[in-house]
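Taking it in order: structure first as structure tokens, then the write-up.
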Amino acid sequence: MPTEVTILGISGAVWLLLLLAICSAVFAWRMSALLRVLAMGRRENRLDHPVLRAWTFLKEVICQSRMLTGESIINWAHPAIFWGFCFFVIASALMFVGGIAAPWLWIPQVEEIPVLGTLVDLFAVIVLVGLIASSIRRYILTPPGLQRTMDATIVVLLIAALMVSFLLAEAGGYADEVWCHAPASVGMSENAEKSESCPRERGHGTQTFLPAGTATAYVMLAAGVSPEGVVNVGVTAWWVHVAILLTFLVYLPFSKHMHLIWAPFAVFFAELPAKGTLPAADDSGKEPSTQLGLFTWRMLLSGYACAECGRCERVCPAVESGSKLSPREILHDLKSLVLKDGIATLKGRKPDDDGREFIGGTVPAEAIWACTSCYACVDICPVRNEHVPIIVQMRRKLVDEGKVDAKLQETLMSLQRYGNSQGKSARKRFDWAKDLPGGLKDATKEPVDMLWFLGDYAAYHPSSARVSRLVALVFNQAGIDFGVLAKGEKSAGNDVRRIGEEGLFEMLAEQNMKALGKADFQRIVTTDPHTYHTLKHEYSRFGLETPVVHYSEVLDECLRTGKLSPKRSLEGKAVYHDPCYLGRYNGIYDPPRRVIDATGLERVEMPRNRENSFCCGAGGGKIWMEEEEGISERPAVSRIREALQIDGVTHFVVSCPKDLGMFEDAVKTVGAEDRLRIIDLGELVYEAIGMEEV
Amino acid sequence: MNIAVVVRQVPDLVEPLEIDASGAALDVDEVEFLINETDDHALEQALLLKESGGGSITVVAIDFGQVDDVLYTAAAKGADRIVKIPYDDDDRPPRPAEAAAMIAEAVKDIDAELVLVGSSAHDELEGVLAPLLALKLELPYLGVIRGVKPGEGGSVTAFKEFPGAAMAQMNVKLPAVLGILAADQPPRYVPVSRIRAAMKSTEFEEKETAAAVPEPNVTVLRMHHPEPSGRAEMLTGSEDEVAARLAEILKEKGVVQ
Ligand code: SF4
Ligand code: SF4
């Protein structure tokens, strides 16, 4: 082993041990500081569902599933580098253990282990190729949002140097074994003769098949390096390799690229199993002592784990519309805050933030309010960072300080006062059903199978309320036994939560639970994906246990079981817009598509469909806010343009009451209302089953 | 500065208003009440004054309608004391003269240097409450104020707008009563969690008053919803028909040639 030398009178093995001990100590010291900073965050249990966590870890970290299905080049380069990294962890561990133990005990080195040795050898090349490809992507093709930081460059160079030094060390080993110390019987006798003068590099084990290392040796030989020279370079390269490894160990936890360390943890502690269920607000009544205390520890971990890859930025509808918001920048700022404030606090200093508030200062309020909570960023993030909960947490602070714009304030006051966002009397919630034949059943007066929870838009927005009436007629036609909370239904509060008005959300939820408690029903149905999401996932803490379904599922079921049967085949070409809260949040993609297919329309997909669907721009309470200045094009308009690019498209099908209004406006903005009909799934079925307007 | 803010309840116009069986009054049971908008501005102005120059805010209200909600919200926003004046009649809101007498008695005890009241209410557009209160308190009065700033040596600067876009800036020696039309900034939003916390922590001070209630000289004979005048013509038919008829009418009336 190269450690079997004496440097300054001390054995190489001891040097190695010493260096390793010092570097590990620095690493451990820094890591403990970083962990203590995480501990400044609020508590949140992320140890539930251990099996699911382990499975997610296996899939996304070990198998790199999120990378493999992602953007080109990096979809193979990153897994290649990562898997190489895993193999090299084994190789390096053996190197250190073997190097330290060498004077006393021979520990087999990775290049002596058949198969594994060959794999590691090949991975050295694969990683190099991966590094070159990812560097071309980063420095030449540079997708928007991908950062060309010094840190990234240093890390790439260090990894490349690790691979090269490894190959050189392998080459040295090969030269030593084959050219300097090969037994005469194996051949190469003239090399064997040199065995006396050749430094003995390995001497214990025998190298397995190492194509890349061997090739490196031959290239060196061809370049005129003598066999002894190759061996000597190998020894030096071994030490260089060790030195880089140790540098890495010390450098990484200080570097912006520390995602290498933290990303696997971030994935393990991801939000599971349901997506987008926000942590409850801190109701301890205590002001956190630092700004970090506003966030949960997992939110702070997001800062460490962020690779600054910019994927979140590339899918964000707010970014596309020219907003001040960039989810990547928010994470970047959070990372800076965590490192600066966190470490300063550990040292007992006041955070040196020039008195600047993080929320509303470093991260401008406009950016915080620009998010539609569409979850595209969270869904695409390879390290499963949770931008939306972080943004909502910041909104909570702004709301607590009363910093909301006038339009939003009016909406919140309306919600406080009337239980709806529309500034309308609660007594008018079911006005749309006034002339409904047979009327609406009141589930608090007679038992029903299905309780229809309307939501504000389906109840009050003119277009959507009209659709509500059609859906009621379709439900009647299907023989569904349904009713409503004629008195007492309030906004379910999904958007209120995303606005950050947690107290108001809780108040609404309690009022709704009171009303629901008086009703007799088996399941809840709603046409509104926002209402669906919050009732399904966020009302359990208020005691709601009944299943919740979306009307697209009900319509699908009715069409499949024959409770509804199309009387005529509709003509035209339809695209379907996946609402964020139905698709990305809850994975309901197929039922609405099957419903469209059943109506006879030809269904085609827009380029951004299913999990890649593009938000209409209404969610997260955005629909209640004044428009941010400097917006180039609203997301709904961009979405309509996307649909119009499809040849012969006639129908733009929606399954969300908010979408209806958003896209009706957008199609007018584009001036395409005579070409493209915005139609709700319910109305589509209404037409297909041949019901006349009643 | 010790500031008293008077808040009133007015019927919420979002909810349908019903006339009661007597046919001469609103059916109070069907009415939802909310804070009078200009009183809300008066409270906001008080909060702004307190924030810029310190002091204490006492909110005074007559116990009628859903006044507790209003008072807890005021406490959540930063009012220091809440004084509630008991009032027995659930069916009839206090008349302005009556209210002024009761409130004046309560305000006297507070020893306020500045009394802020909304300058009118949608059910009392005349805006007599504030001047009546000033009379009872024997304090100077200035109404229709848009913004108040702390001034020098026991005074405030009040801003008042006159027709023709003339703004007056006035120095008002305290104590005084100001009728507020608008605060320097719109009333703030207070999150529900703070209101709920205020509900737990706020104690109302009850202030019985024995003000002599003058009998009104005016009796309401009838109260009713406006009757349609019958002049409206509803256009029906297809879009084209409606458009054609509309064009005809505009021509008939000489709006277009
Ligand atoms: S948050 Fe995630 S997606 Fe966004 S830059 Fe960081 S690692 Fe990439
Ligand atoms: S949730 Fe949507 S709008 Fe909000 S930051 Fe993420 S991608 Fe952008």
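The values are calculated or read from the model by the stated rules, or taken from the named source; none is laboratory data. Because the structure is a prediction, the values reported are computed rather than measured. Every residue, glycine as well, gets a Cβ built from its backbone with ideal geometry; the counts of neighbours run over all protein chains shown.
Just to verify a result, which residue in region B:147-190, among those that are within 14 Å of chain A (Cβ to nearest Cβ) and in contact (Cβ under 8 Å) with a residue 40 or more places away in the chain, is farthest from A:Glu401 (Cα to Cα)? It comes out as B:Ala182. Looking across region B:209-257, the residues that are under 37 Å from the mean Cα position of the chain (by Cα) and among the hydrophobic types (A, V, I, L, M, F, W, C) come down to B:Ala210, B:Ala211, B:Ala212, B:Val213, B:Val218, B:Val220, B:Leu221, B:Met223, B:Ala232. Quick one: is A:Glu366 within 16 Å of ligand 1 (Cβ to nearest atom), among the acidic types (Asp, Glu) and outside the structural domain of A:Pro579 (by TED's automatic domain parsing)? Criteria not met by A:Glu366. Scanning region A:1-46 for residues that are outside any helix (DSSP H, G or I) and under 30 Å from A:Phe269 (Cα atoms), we see that the one that is nearest to the chain's Cα centre (by Cα) is A:Arg46.
Taking A:Val448, is it buried (at least 20 other Cβ atoms within 10 Å of the Cβ), more than 14 Å from every other protein chain (Cβ to nearest Cβ), part of a loop (DSSP other than H, G, I, E, B) and within 16 Å of ligand 1 (Cβ to nearest atom)? The answer is no for A:Val448.
Do we have A:Ser464 as crowded, with 24+ Cβ neighbours inside 10 Å and more than 14 Å from chain B (Cβ to nearest Cβ) here? Yes; evaluated as a whole, the condition is true for this residue.
If you take the residues of region A:402-415 that are among the hydrophobic types (A, V, I, L, M, F, W, C) and under 19 Å from A:Glu627 (Cβ atoms), which of them is farthest from the other protein chains (Cβ to nearest Cβ)?
Across region A:402-415, the extreme among qualifying residues is A:Leu408.
Can you find, within region A:366-400, the residue that is farthest from the chain's Cα centre (by Cα) among those that are more than 21 Å from A:Ala280 (Cα to Cα) and more than 10 Å from ligand 2 (Cβ to nearest atom)? That would be A:Glu366.
You will find that of A:Ser421, A:Ser414, the residue that is away from ligand 2 (no atom under 15 Å from the Cβ), part of a loop (DSSP other than H, G, I, E, B) and on the phi < 0 side of the Ramachandran plot is A:Ser421 and no other.
Counting just the residues of region A:225-261 that are surrounded by 17 or more Cβ atoms within 10 Å (Cβ to Cβ) and hydroxyl-bearing (Ser, Thr, Tyr), which one comes out nearest to ligand 1 (Cβ to nearest atom)? Result: A:Ser255. A residue that is within 13 Å of ligand 1 (Cβ to nearest atom), among the aliphatic types (A, V, I, L, M) and within 20 Å of A:Trp29 (Cα to Cα) can be found somewhere in region A:262-276.
Go through the residues of region A:102-109 one by one and say whether even a single one is in a helix (DSSP H, G or I) and out of contact with any Pro (no Cβ under 7 Å at 6 or more places or on another chain).
Filtering region A:102-109 for residues in a helix (DSSP H, G or I) gives none.
The answer is no; no qualifying residue exists.
Of the residues making up region A:416-427, not one is within 9 Å of chain B (Cβ to nearest Cβ), more than 16 Å from B:Ile35 (Cα to Cα) and buried (at least 21 other Cβ atoms within 10 Å of the Cβ). Quick check: anything in region A:305-319 away from ligand 2 (no atom under 14 Å from the Cβ) and more than 22 Å from the chain's Cα centre (by Cα)? No, every residue in region A:305-319 fails to be away from ligand 2 (no atom under 14 Å from the Cβ) and more than 22 Å from the chain's Cα centre (by Cα). For region B:12-25, filtered to residues that are within 12 Å of another protein chain (Cβ to nearest Cβ) and closer than 14 Å to B:Pro93 by Cβ, the residue that is modelled with the lowest pLDDT is B:Leu17.
Say whether the condition of being within 28 Å of A:Phe295 (Cα to Cα) and free of Cβ contacts under 8 Å to residues at least 60 places away in the same chain is met by at least one residue in region A:568-585. Yes; the residues of region A:568-585 include at least one that is within 28 Å of A:Phe295 (Cα to Cα) and free of Cβ contacts under 8 Å to residues at least 60 places away in the same chain.
Out of curiosity, is A:Val363 at pLDDT 85 or above, within 15 Å of ligand 2 (Cβ to nearest atom), in contact with a Gly (Cβ under 8 Å, 6 or more places away or on another chain) and more than 14 Å from chain B (Cβ to nearest Cβ)?
Spelling it out, it is not the case that A:Val363 is at pLDDT 85 or above, within 15 Å of ligand 2 (Cβ to nearest atom), in contact with a Gly (Cβ under 8 Å, 6 or more places away or on another chain) and more than 14 Å from chain B (Cβ to nearest Cβ).
Given the condition surrounded by fewer than 18 Cβ atoms within 10 Å (Cβ to Cβ), modelled with pLDDT under 90 and not β-branched (Val, Ile, Thr), answer yes or no: does some residue in region A:150-162 qualify? Taking every residue of region A:150-162 in turn, at least one turns out to be surrounded by fewer than 18 Cβ atoms within 10 Å (Cβ to Cβ), modelled with pLDDT under 90 and not β-branched (Val, Ile, Thr).
Let's see how each residue does on (1) over 27 Å from A:Tyr686 (Cα atoms); (2) away from chain B (no Cβ under 14 Å); (3) modelled with pLDDT of 95 or more; (4) more than 15 Å from ligand 2 (Cβ to nearest atom):
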position	(1), (2), (3), (4)
A:Tyr576	no, yes, yes, yes
A:Pro579	no, yes, yes, no
A:Lys622	yes, yes, no, no
A:Leu644	no, yes, yes, yes
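The sole residue among A:Val383, A:Val399 that is facing chain B (nearest Cβ under 8 Å) and among the β-branched types (Val, Ile, Thr) is A:Val399. Among the residues that make up region B:206-219, is at least one of them within 14 Å of another protein chain (Cβ to nearest Cβ), in contact with a Lys or Arg (Cβ under 8 Å, 6 or more places away or on another chain) and over 30 Å from A:Phe505 (Cβ atoms)? Scanning region B:206-219, I find no residue that is within 14 Å of another protein chain (Cβ to nearest Cβ), in contact with a Lys or Arg (Cβ under 8 Å, 6 or more places away or on another chain) and over 30 Å from A:Phe505 (Cβ atoms), so the answer is no. In region B:191-205, what residues are away from chain A (no Cβ under 14 Å) and not β-branched (Val, Ile, Thr)? Scanning region B:191-205 gives B:Glu203, B:Phe204, B:Glu205.
Residues considered: A:Ala318, A:Ala305, A:Ala281. Of these, the only one that is buried (at least 19 other Cβ atoms within 10 Å of the Cβ) and within 14 Å of chain B (Cβ to nearest Cβ) is A:Ala281.
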